[in-house]
Structures are given as structure tokens and as C-alpha cells.
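The values are calculated or read from the model by the stated rules, or taken from the named source; none is laboratory data. Because the structure is a prediction, the values reported are computed rather than measured. Cβ coordinates were reconstructed from backbone atoms using ideal geometry, including for glycine residues, and neighbour counts include every protein chain displayed.
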Amino acid sequence: MADVEHRTVIVIGAGPAGTTCARRLAEANVDVLVLERREVVGHPAQCGECIPNWGEVIGTFAGLDDHAWLEETFDVPDRIKLHRLDAMRVFLPSGHHYTFKLDAYAGHRPQFDGHLAERAEAVGAEIRVGVALLRLQQQRKLGRELLVTSDGGRLTCDYLIDATGSLAHVGRMRHGKDSACRPADQVPTVYAQVRGKVPDMFDVFLGSVAPNGYAWIIPKGPDTANVGLGVRAGKLDGRLKDHLRTFCDNLDLEILEVGGGWIPMGGPVKRMVDGNALAVGDAAGLVMPSNGGGISQAIISGCFAADAILDHQHDGTPLQAYQDRIEFTFGRALKNSLRSKNLGYAMMRNDFLTESILRILGPIGGIKRAMECDRPLWVL
Ligand SMILES: Cc1cc2nc3c(=O)[nH]c(=O)nc-3n(C[C@H](O)[C@H](O)[C@H](O)COP(=O)(O)OP(=O)(O)OC[C@H]3O[C@@H](n4cnc5c(N)ncnc54)[C@H](O)[C@@H]3O)c2cc1C
């Protein structure tokens, strides 16, 4: 049919995972189209905006030390880096805290995403903004799958990348409620850009302020910060935004702008490769369940998905190699992180228990291990 556009690779979603994948493919001269439903890539941000430096990334994940391409990807212009984050403090309900080293920065997330997108476009990837994937139609007689988009477009492709974030739209469109393709334990989060007296380091607050989750303050400058709350679904009465407002009022912080989103805290999906479709980033459930960080895994998985497609084109290597590589690189940290989160869910039922448990774990490095996705102490 003349009005059906065919592309080699179509990426749905222009977050860090999607645009990194597109850049890697375009650099190898593969035809790639990215569809992004937002009008402006990265806007509005749905993030705490703590972005790891390369040193933090290779400290967490195995086998990446020599990956010059990824190292260079994490090296972003100074305009995106608003404030160095050299340390994290974790506060218990009593106000007692433990401090750990960190190698990260508070970034300007819309500019970060925009920068990654510009790099992809610069090497030939096409990005269409304001265009959402609405549905996938199986045309069995013609042996193809049709992508129907919000601008009336109908497209087909050889490879499809699900980079749609936590709700994994491609997986849902193909398989509905099948849990093998859906990131689990979606944690509702709200955040605000605030002005006032802010700390110099990344502060995390545990306890009833954010049951089975945490509240954060991430300084972005001398008097501005990103403040947020993530709470296990159903654990907090009332609206999350109201709790955030109270949290900010108590700290005398003026709210400038509010946003929110879902963080998939249930660990990786079982099926990241589904025929010709590969799930990357949050759509593959690659967020660290014990700290909510997902930007680095999004970038790395985008790169790995592109490599899998290139190898498949080159010598027929099964696309499943993508999931194997993800499991090799992230498996240990994700597993440890999930264990720590589940331990937290099971044991930190109120402020008294949270305080008591963390007073034991804190001095022997248990909280640090959870935040850094190391093996929990009880598993050692
Ligand atoms: C409140 C909050 C705070 C967070 N804080 C941090 C943090 O401080 N540090 C950290 O490392 N991680 C943080 N995360 C997690 C981090 O934001 C994600 O892990 C990361 O953005 C994942 O990147 P991605 O490319 O997989 O998906 P996303 O960045 O979510 O990008 C998905 C893109 O797909 C587009 N899209 C979705 N559906 C369609 C469709 N049907 N058609 C076309 N386009 C579509 C979306 O518009 C979006 O642009 C936070 C998350 C939240 C919600």
C-alpha cells in the first residue's frame, strides 16, 4: 500500500534510552526513525535530576570500564551540570543521618534529554515530535505489523524499539496485561522545583514521610532544588501532591513547579525481546528498585539494543543476545537492589521499626549497600 511508510528501525520514545539507541544505529548508517509524543523532547521532566557520572556507572555495573562510546555519552556539556553531588545523606525518622560518597550531579533534565536527541539527529536519526504511537495492528494476511500514529501515519519496520518509559506502551499494545512484558510495582512519585535554603548534598528521608519509599532534596544551585516523594502505591492516605506541599512547607521551601510520574520498582521484565521488538530503559524495568535511579541503565540498554540489531543484521546473531547482555551487565546490581527494596517493604512498617532497623544497619554499612545496589548484609 502506497501510504504505508517503511523504516528499518522505529524507536518509540525520545527519552535517554530511545535517543541513545537511535544515535548508535544512525552512526552505523542504519535508517532509524524516533517517534516522540511530546512536543519538546524531555519536557516536562519527570525526574529528580540526579545524573550519575561515568565513575559512578562503572562502580555499579560490571564490564563497562573499557566502553569508550558509553563513557563519551555520559560526558555532557557543563551547561547541563548544575551542581556537583559528591555525597548523599540518608535521614532516619528521628533526624539522625548517615552520609555516603556519590559521583553524580544535579542536571537540567530537559536539556540533558535534548542534548542526547540532538546528538542522534546530528548523525542522521530522524526524530518526529508531537507524534504518538496509538496502536499496533497485526495484518496477518500481509505478514506485517502496522504502527498507527496520532498524526494519521501508518508505518512498518524491520525492528521496533520500545523506549516508551515505565508504562511500556509497545509491550501493552502487543500483549495487554501479560506480566512478562510489563514493568511491575509502579511507584507513584511527585516532585517540585523549589526555592529556599537547600542543602549542599543529596538528602534522602525515610519513614512515614514517604512510607515504603523515600523523600528527596537534590540541590540544583545555592537556593534551588528538586524535591520529591515516591511512595509505594496505596501506602499513603490523601494526595501525594498535598504531602509534598506539607514536606516543602515544613522546610520553608517555595514551590515553583510541580510534576510527577511512575517509577517501575519491580525489577526487569521477563521478556525484553519479543520477536522484532526490544524493550529498553524503563520499558524493560531497568530502574534500580532500592534507589529509583534509571538514567544510566536507559542509556546503556539503548546502546546494547542497537548493538544487537547491528549484529543481527550482520551475521544473524539472535536478538535474544540483547537480553543476555543486559542480564550480564545489570543482573547482579538489579537483583541486589530488588532484595534490598523487598527487605524495606517487609520490615519498615512504621517509624519505630524503620528507626530501629536502620540504626542497626547504618553503622555496619547496610543503608549504603542498599543505595549502591550491593548485596544486602543478610545475604552475605
Ligand atoms: C519523579 C521521578 C524522579 C526520578 N528521578 C531520577 C533520578 O534522579 N535519577 C535517575 O537516574 N533516574 C530517575 N528517575 C528515573 C528516570 O527518569 C528514568 O529511569 C529514565 O527517564 C528512563 O529513560 P527512558 O528513556 O527509558 O524513558 P523516559 O525518559 O520515560 O522516556 C520515554 C519517552 O517515551 C515517550 N512516549 C511514551 N509513550 C509514547 C507513545 N505511545 N508514542 C510516542 N512516544 C511515547 C514519552 O513521552 C517519553 O519522552 C526518576 C523518575 C521519576 C518518575
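Please go through the range 109-142 and pick out each residue that is of a type in the set (S, T, N, Q) and under 20 Å from R23 (Cα atoms).
Q111
Which of the residues spanning the range 68-97 are in contact (Cβ under 8 Å) with a residue 24 or more places away in the chain, part of a loop (DSSP other than H, G, I, E, B) and of a type outside the set (A, V, I, L, M, F, W, C)?
P77, P93, S94, H96
Does D65 qualify as being under 24 Å from the mean Cα position of the chain (by Cα), in the same structural domain as V30 (by TED's automatic domain parsing) and either surrounded by fewer than 21 Cβ atoms within 10 Å (Cβ to Cβ) or farther than 29 Å from G266 by Cβ (or both)?
Considered against the rule, which asks whether it is under 24 Å from the mean Cα position of the chain (by Cα), in the same structural domain as V30 (by TED's automatic domain parsing) and either surrounded by fewer than 21 Cβ atoms within 10 Å (Cβ to Cβ) or farther than 29 Å from G266 by Cβ (or both), D65 comes out as yes.
When you check F74 against the structure, is it assigned by TED's automatic domain parsing to the domain that holds A308 and at pLDDT below 95, yes or no?
Taking the combined requirement at face value, the residue does not satisfy it.
Hey, could you check the range 1-42 for residues that are farther than 20 Å from D282 by Cβ, small (G, A, S) and touching a residue at least 24 places away in the same chain (Cβ under 8 Å) and say which is surrounded by the fewest Cβ atoms within 10 Å (Cβ to Cβ)?
A28
So how many residues does the range 205-216 have that are more than 18 Å from the chain's Cα centre (by Cα) and buried (at least 19 other Cβ atoms within 10 Å of the Cβ)?
7
Return only the number of the condition from (1) charged (D, E, K, R); (2) in a helix (DSSP H, G or I); (3) under 17 Å from A184 (Cβ atoms) that R325 does not satisfy.
The number of the failed condition is (3).
Residue by residue, here is whether (1) under 18 Å from V11 (Cα atoms); (2) more than 16 Å from the ligand (Cβ to nearest atom) holds:
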{"residue": "N276", "(1), (2)": "yes, yes"}
{"residue": "G302", "(1), (2)": "yes, no"}
{"residue": "H312", "(1), (2)": "yes, yes"}
{"residue": "N342", "(1), (2)": "no, yes"}
{"residue": "D374", "(1), (2)": "no, yes"}
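Can A168 be described as buried (at least 24 other Cβ atoms within 10 Å of the Cβ) and assigned by TED's automatic domain parsing to the domain that holds A298?
Here the answer is yes, as A168 does meet what is asked.
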